[in-house]
Structures are given as structure tokens and as C-alpha cells.
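Computed from the coordinates by the stated procedures, all read-outs in this text should not be read as laboratory data. What you see is a predicted model, and the numbers here were worked out from it, not measured in a lab. With ideal geometry, Cβ positions are generated from the backbone for all residues, glycine too; neighbour counts draw on all protein chains shown.
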There are 2 protein chains.
Amino acid sequence: MPRPPAPDPRRTLTLRDVSEASGVSEMTVSRVLRNRGDVSGATRERVLEAARSLGYVPNKIAGALASQRVNLVGVIIPSLSNMVFPEVLTGISEVLEDTGLQPVVGVTNYLPEREESVLYEMLSWRPSGLILAGLEHTDASRAMLLQAGIPIVEIMDIDGTPVDSAVGISHRRAGRQMAEAIIAAGYRKIAFLGTQMPNDHRAKKRLQGFEEALAKVGLTLVDREFYSGGSALLKGREMTEAVLKRNPDIDFLYYSNDMIGAGGLLYCLDKGIDVPGKVGLAGFNGVELLDGLPRRLATMDACRLDIGRQAAEIIAGKRPAGVVGGEMVELTPTLQPGDTIRRV
Amino acid sequence: MPRPPAPDPRRTLTLRDVSEASGVSEMTVSRVLRNRGDVSGATRERVLEAARSLGYVPNKIAGALASQRVNLVGVIIPSLSNMVFPEVLTGISEVLEDTGLQPVVGVTNYLPEREESVLYEMLSWRPSGLILAGLEHTDASRAMLLQAGIPIVEIMDIDGTPVDSAVGISHRRAGRQMAEAIIAAGYRKIAFLGTQMPNDHRAKKRLQGFEEALAKVGLTLVDREFYSGGSALLKGREMTEAVLKRNPDIDFLYYSNDMIGAGGLLYCLDKGIDVPGKVGLAGFNGVELLDGLPRRLATMDACRLDIGRQAAEIIAGKRPAGVVGGEMVELTPTLQPGDTIRRV
DNA sequence: GTCGTGGCTGTTAGCGGTAACATAGCAGCT
DNA sequence: AGCTGCTATGTTACCGCTAACAGCCACGAC
């Protein structure tokens with residue numbers, strides 16, 4: 001039976017071990033391992049060989065302390081389970097890949113206090129940059145961010161005042177835009193279906209923008225329904241059923257995300273409801289999943305990949321010369337009408 | 001325009017700053033901040049107040065170096081985009097939450113070399129434990145793991161020899177079991193649809209087990225189809241169409257994951273194919289999404305949450321006394337027949 | 001011959017904490 | 001009073017690595 005991984009007779013290796021094994025000073029070993037400074041080819045070979053054969057793994061903790069440099073970038077996001085943030089992460093990783101920087105992810109579950117503690121934890125490792133979702137933070141969090149003395153990029157949202165830089169879209173505008181499209185298509189009895197999350201500020205802003213645009217033409221939401229937890233697809237079905245039962249004359253359902261929208265779509269198709277004739281549907285995010293549904297749900301992509309990329313570029317300092325910090329990048333999501341809004 | 005976060009006049013704070021501000025030694029401050037050792041209530045208050053008002057954030061790098069203790073647990077997984085690993089992470093976080101340990105995630109994209117470099121990077125931060133997916137690693141990776149001198153838990157799979165501990169299911173057995181259920185239900189012309197990923201060893205093992213069980217009753221796969229990249233749901237549709245066109249007499253489709261299985265299901269329903277009468281379907285994973293589909297896809301849950309929990313427990317040392325390491329935990333997935341396999 | 005000069009290697013002094021031990025003050029006891 | 005045994009705090013010596021600088025050597029120019 002395999003024992004715990006070798007209660008190693010020898011303590012874990014240090015530069016000194018490699019230096020002794022190769023007959024040079026620790027400093028020279030350090031230089032070889034970091035490819036820094038001039039080292040003769042012969043010495044380099046000898047050192048590398050020694051390091052390899054010993055199985056030496058440098059101690060970044062000591063290195064970071066000594067050099068005051070850490071190649072870590074903190075990334076703080078609310079959730080991993082809804083398909084939207086993984087794509088942001090992909091964008092971030094892509095860009096960071098060839099910069100020597102490494103993302104470290106923290107998840108807050110949409111809880112401000114949790115964000116605060118994750119942030120504290122991260123800052124205590126002195127990362128060289130920080131990317132976090134949203135513009136709303138506790139006072140303490142904001143104070144830490146300001147103190148940190150490193151580049152900070154707040155992502156996803158730009159309706160507000162960033163601490164440093166921001167990359168995102170205007171959710172208010174996105175909501176407004178969708179409302180306008182819906183109105184233009186002739187729908188009038190509109191309901192909203194979303195998550196019951198007081199801290200999902202972006203969803204809230206979309207709804208605000210949406211209602212603003214409705215108000216502008218004298219409309220108000222006919223109904224609204226919220227959920228929390230569980231399978232979003234299933235919840236989408238259930239909520240849709242509930243809403244349509246309560247108000248059979250509703251002609252449009254605006255969902256706060258694609259997943260529940262997809263559930264609603266499947267429900268309507270099941271029930272033989274004419275989409276988009278009798279009822280129109282729209283979601284938000286532009287998730288890949290929609291490609292495989294029987295009908296294309298109207299949505300608006302949230303530029304997730306691009307947001308991740310640009311945020312990482314700011315952190316990595318890959319910006320056009322002259323730009324120093326405090327950047328505000330607004331991306332513009334495009335409306336994808338799909339097949340669930342009447343064509344006018 | 002907001003400038004980069006205050007090119008702080010004062011360098012970043014250290015224990016000394018707090019110690020001066022509160023009139024005690026650095027050591028005492030350190031004790032207060034870590035709740036270690038006896039400190040009088042009055043002193044404690046004074047120190048905390050000073051730390052708070054300065055906005056001091058401890059430097060874990062220095063702390064870790066001095067104490068030779070790091071509260072980080074490395075987690076190395078192949079992907080974040082397929083719904084399966086986020087749930088594992090949830091299980092891990094849940095358990096780690098109240099241990100002072102913190103997960104740090106690395107993603108390999110199913111590339112062994114990438115795993116090797118992520119592993120190297122992680123070990124160089126000297127985490128107190130490591131959780132990684134799968135039992136297959138490069139020689140160099142395996143060597144590093146053995147040298148590391150920390151608890152290692154390989155998760156998801158148990159068909160092989162772990163370096164230290166392992167928590168997972170037998171994918172071979174899962175495949176076999178599904179095949180047996182399918183055969184028992186009377187299906188005979190069976191096809192397999194999966195991902196084109198040479199490094200997804202678990203999918204491969206499921207297929208092996210599946211074919212073994214078929215062979216035992218003299219059957220072989222009628223057809224197989226692979227995909228890579230893109231929207232899994234859509235790919236599921238396309239592959240299903242391709243397979244059914246090639247072999248109209250096929251009566252069962254076994255998918256290597258639920259997402260493509262769901263795509264296949266939607267396709268069949270679209271085409272009015274009698275499921276499970278004419279064609280039966282099954283996937284793998286037991287993802288939440290299935291709850292919202294028009295019909296419940298047969299699947300087998302992969303015990304993801306539980307795998308995460310138990311792996312974290314091993315790392316956190318929360319195991320029944322007497323257990324030292326080198327644990328092997330086999331979980332048993334349950335077959336969920338849903339509505340896409342004929343009832344016998 | 002002398003003096004740069006550049007290439008390579010070594011020495012020293014921390015980085016910001018913490019373990020381990022030392023010390024001071026004081027109550028309680030004989 | 002003298003001793004013991006606490007509790008609350010300070011002192012010292014690192015943890016493993018790197019920045020900064022110092023040293024050494026061969027070589028060519030003058």
C-alpha cells in the first residue's frame with residue numbers, strides 16, 4: 001500500500017543543494033534558473049543538469065520576498081457555475097500566458113463580505129495586479145483596493161465609478177436596447193423573469209434600463225418572477241409556466257440570463273405556443289449553448305472573452321504607449337435577434 | 001480622470017508600522033493578528049485599532065517563509081468550461097472553508113505538458129496539499145509529485161495507481177454498467193458519440209468498459225463519431241444526425257457526456273423520432289441541466305460534489321483517526337435511467 | 001607595462017515575517 | 001523574604017532567495 005509521499009529523509013531542496021551539487025555559488029545557480037545575468041555556457045549546463053537530477057523546484061515564496069516581485073494576478077469573480085465567468089477566465093489566461101503572469105481565481109458567490117475576505121486574502125499575497133467583477137464593493141474593500149498600489153481592473157460593468165481601470169459593457173444600456181427592439185417589434189405586454197439576487201448588480205441594471213425604455217413609451221412590466229438556486233433550465237420552465245398562467249395575455253418574456261431563457265423557450269415549444277408569434281422571448285449573455293436549441297433565442301452577447309482579454313492586457317501593461325492607468329473601456333454588445341422576436 | 005491607484009507616498013505597510021503606531025513590539029502585533037499566544041485585552045485592542053486605521057494587510061509571503069507553512073491547496077483540473085469541474089470545486093471549497101486552507105486553481109486544457117508546467121508553478125509556492133484530476137501524468141510530473149512531500153489526491157478516476165491518495169469512480173465500470181442496462185433493455189445496434197480528446201482518459205475508459213460489456217454478449221459498436229470544440233449541444237445534434245443518416249437502423253446512442261447527449265435528444269425530438277422506442281439515448285455526468293429538458297436523458301452521475309468534498313477532507317486531515325495517507329476512495333455512481341431507455 | 005574593459009562569479013545584506021527562547025512583573029504560597 | 005509559576009512582552013536568529021555591489025581574470029589598446 002502506497003505510503004504518504006515519502007517522508008523524505010532529506011528536507012526539501014534549496015538553492016544550496018543545487019549549488020553544492022554543481023560546485024558553484026547559490027547566486028550563480030539562481031542566475032541560471034532565472035536566465036538572468038551572464039553565465040557561461042558550461043556552468044549553465046552543469047547547474048541545469050544538477051537541478052534536474054535532484055528534482056529541484058525553486059521556492060517562489062523566498063524568491064518573491066527577496067525580489068519584491070510576484071507573478072500572480074488575482075481574479076475575483078462571483079461564480080463559476082453559470083458559464084459566463086469561465087469564458088472571461090479563458091480570455092484572461094490567453095493574454096497572460098506569454099507574460100509570465102499567472103491568474104489566481106477567487107469566488108465570492110455574490111456575497112460582498114465574501115468578496116472582502118477573498119480580496120484581503122489575495123492582497124496578502126501581494127499580487128502584481130487584480131481583476132474583479134463589478135463596481136460595487138464594501139467600503140473596506142474599496143479602501144483595500146485603493147491602498148494596494150497595484151493595477152486594478154473592474155470588469156463586466158461600466159455603469160459606475162471604477163477604483164482604477166474598468167472594462168465592460170453598460171448593462172443599463174443593454175437593457176434599454178433590448179426593450180427598444182422588443183417594442184419596435186410590436187410587443188406590448190411584457191414580463192421580466194430573473195434571479196433573486198440582491199447582489200447581482202448587473203442584472204439589476206439591465207432591468208432598470210429595460211424599464212426606463214418601456215416607461216419612455218408609456219409601458220410598464222405586466223409581471224415579474226424571480227428564482228434562486230437549482231437548475232436554471234428547469235427554473236426557466238417553471239417560472240414561464242407560472243407567469244403565463246397568471247397572465248395569459250402576456251406577449252413577451254424578458255429573461256435575465258440565457259439559461260432560464262432557454263428553459264422558457266423549451267417550455268413554450270413543448271406547449272405548442274407560437275414563438276415568436278404569440279409570445280416573444282429574449283435572454284442575455286450569448287452563451288454557446290443557445291446554438292444547439294431547436295430555435296435561436298434572442299440575446300445579447302456580453303463580450304465576455306474580450307472583457308477578459310482587455311482586462312489582462314491592462315494588467316500586463318500591454319497597452320498603447322501613453323496610457324498609464326485609470327482606463328475605462330466600454331465594449332458594445334450586439335443584439336442577436338435570433339428567432340424568438342417577430343421580424344418587423 | 002482617476003490616476004493609477006495612488007503612487008503611494010509611503011511604501012507598503014509592514015508589521016513595524018503597526019508596531020510603531022501601537023507602541024508594542026512587532027512580535028506582539030504578529031501575535032495579535034494571528035490570534036496566537038497570550039496578549040492582554042488592552043494591547044490587543046490597541047493593536048487591532050492601529051492595524052485597522054492604517055489599513056494594514058499582512059504579507060503572507062514573509063509569513064509563509066518564516067513559518068514554513070502555506071495555507072494554500074493547489075487544484076489542477078483539465079477544464080472549466082464543461083460544468084463538471086466547477087461542481088468539484090464547490091465541494092472542495094465547502095470543506096476547505098472552515099480549515100483556513102484556500103484552494104488555488106490551475107487549468108490544463110487536457111494537455112499533459114501544460115499540466116506539468118502548472119504543477120511546477122504550483123509546487124514552487126509550496127502548497128500544503130494538492131488535488132489533481134486523473135491518474136495519468138508525465139514522468140516528470142509524477143516525479144515532482146513524489147518529491148513534493150505533501151498530501152496528493154488524484155480525483156475523478158480510480159482505474160489505475162495513484163501517487164498517494166485517490167478519490168473517484170471507476171469509469172470502466174461505469175461504462176460497463178451502462179452497457180449492461182442498455183443490453184438488458186433490448187437494444188442491439190449501438191453507436192458511441194464522444195469527444196476527440198486523446199487525453200481524456202476517463203472518457204476513454206468508459207468507452208473501453210462499455211465495449212467490454214458489449215463484447216461479452218457478442219456485440220460490437222455499430223458506429224462511432226467524435227467531435228472537438230464548439231457548442232457541445234450543437235455538436236450533439238450534428239453528430240446524431242450524421243450517425244443516424246449513416247446507419248438508419250441504429251437503436252441506441254451512447255454519448256460520452258450529457259451535453260452532447262442533450263443535443264442528440266433535442267435532435268431526435270425535433271425529428272419526431274420515437275425515444276426511447278425506436279432509439280434509446282444515454283449520456284454521462286448527471287448534470288443539472290438535464291432537469292430542464294423535455295425528457296430526462298438517461299445518465300450516470302459522476303459524484304462530483306462528493307469527490308471534491310472527500311478530496312478536500314483528505315488534504316485537510318479530516319479523516320477518521322488511523323488513516324495516514326495513501327487512501328483510495330471509490331465512489332459508486334448510480335444509473336439514472338430517465339426516460340430515454342426503454343423500461344423492460 | 002599599465003590600464004581599462006567586459007565577462008563571469010562570489011559576497012553581503014536584507015525582504016517581512018515567525019519560532020523559540022529570554023525576560024519582566026506579579027500573585028500566591030511557604 | 002524567598003521561591004515558584006504564571007502571564008505578557010521582547011529579543012534573536014533565521015526562512016530561501018535576490019539586488020547590489022565587489023572581485024577576479026583575460027585581453028587588447030595605448
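Summary for A:Ala42: label point 7 Å along Cα→Cβ; distances to the equivalent points in the other copies, ascending, 6.9 nm.
Spin-label model, B:Asn109 to B:Asp270: label points 7 Å out along the Cα-to-beta-carbon direction sit 2.9 nm apart. Charges were assigned to the Cβ only: +1 to each Lys and Arg, -1 to each Asp and Glu. The resulting dipole of region B:171-300 about its Cα centre is roughly 320 debye.
Name the most mobile residue of B:Leu13, B:Leu214, B:Leu297, meaning the one with the largest mean-square fluctuation, in a Gaussian network model of chain B with Cα contacts below 10 Å. Among B:Leu13, B:Leu214, B:Leu297, the largest mean-square fluctuation in the Gaussian network model of chain B belongs to B:Leu13. Sorted from greatest to least, the principal axis extents spanned by the alpha carbons of region A:114-194 come out as 54, 22, 17 Å.
Dipole check for chain B: with +1 at the C-beta of Lys and Arg, -1 at the C-beta of Asp and Glu, and the Cα centre as origin, the magnitude is about 200 Debye.
Cβ-Cβ distance of B:Glu330 and B:Asn71, R₀ of 45 Å, FRET efficiency by 1/(1 + (r/R0)^6): the value works out to about 0.95.
Placing a label point 7 Å from Cα along the Cα-to-Cβ axis, B:Asn247 is separated from the same position in the other copies by 5.1 nm, shortest listed first. Dividing the alpha-carbon radius of gyration of the protein assembly as shown by the rule-of-thumb value 2.2 N^0.38 Å gives 1.05. Gaussian network model of chain A, Cα springs within a sub-10 Å range: biggest mean-square fluctuation belongs to which of A:Ala215, A:Ala42, A:Ala181? Judging by the Gaussian network model, the answer is A:Ala42. Figure legend: label point modelled 7 angstrom from the Cα of B:Glu26 along Cα→Cβ; residues of region A:103-124 with amide N under 19 Å from it are A:124.
Between A:Asp291 and A:Leu146, the modelled labels are 4.5 nm apart [label points 7 Å from Cα along Cα→Cβ].
The mean number of Cβ atoms from other chains found within 10 Å of a Cβ in peptide B:237-243 is 1, as a whole number. Partner shielding of B:161-170 amounts to 1, given as the average count of beta-carbon atoms from other chains within 10 Å of each residue beta-carbon. Note on B:Lys278 and B:Leu305: their simple-model spin labels are 3.8 nm apart, each label 7 Å out from Cα toward Cβ.
Note on chain A: Cα Rg divided by 2.2 N^0.38 Å, N the number of residues, gives 1.28.
Please give the Cα centre distance for region A:112-156 versus region B:134-209, rounded to the nearest Å. Going from one Cα centre to the other spans 39 Å.
The mean count of C-beta atoms from other chains within 10 Å of the C-beta of residues in A:99-107, rounded to a whole number, is 4.
Taking only the Cα atoms of region A:171-301, the ratio Rg/Rh comes out at 0.92, with Rh defined as the Kirkwood radius.
The magnitude of the dipole of the protein assembly as shown, with charges of +1 and -1 set on the Cβ of Lys/Arg and Asp/Glu and taken from the Cα centre, is near 20 debye. Here the Gaussian network model covers chain A, with springs between Cα atoms less than 10 Å apart; of A:Lys189, A:Lys271, A:Lys205, A:Lys271 fluctuates the most.
Converting phi to 3J(HN,Hα) with the Karplus coefficients 6.51, -1.76 and 1.60 and the offset θ = phi - 60°, region B:59-67 yields 9, 5, 5, 5, x, 5, 4, 6, 8 Hz in sequence order, with x at every glycine or proline.
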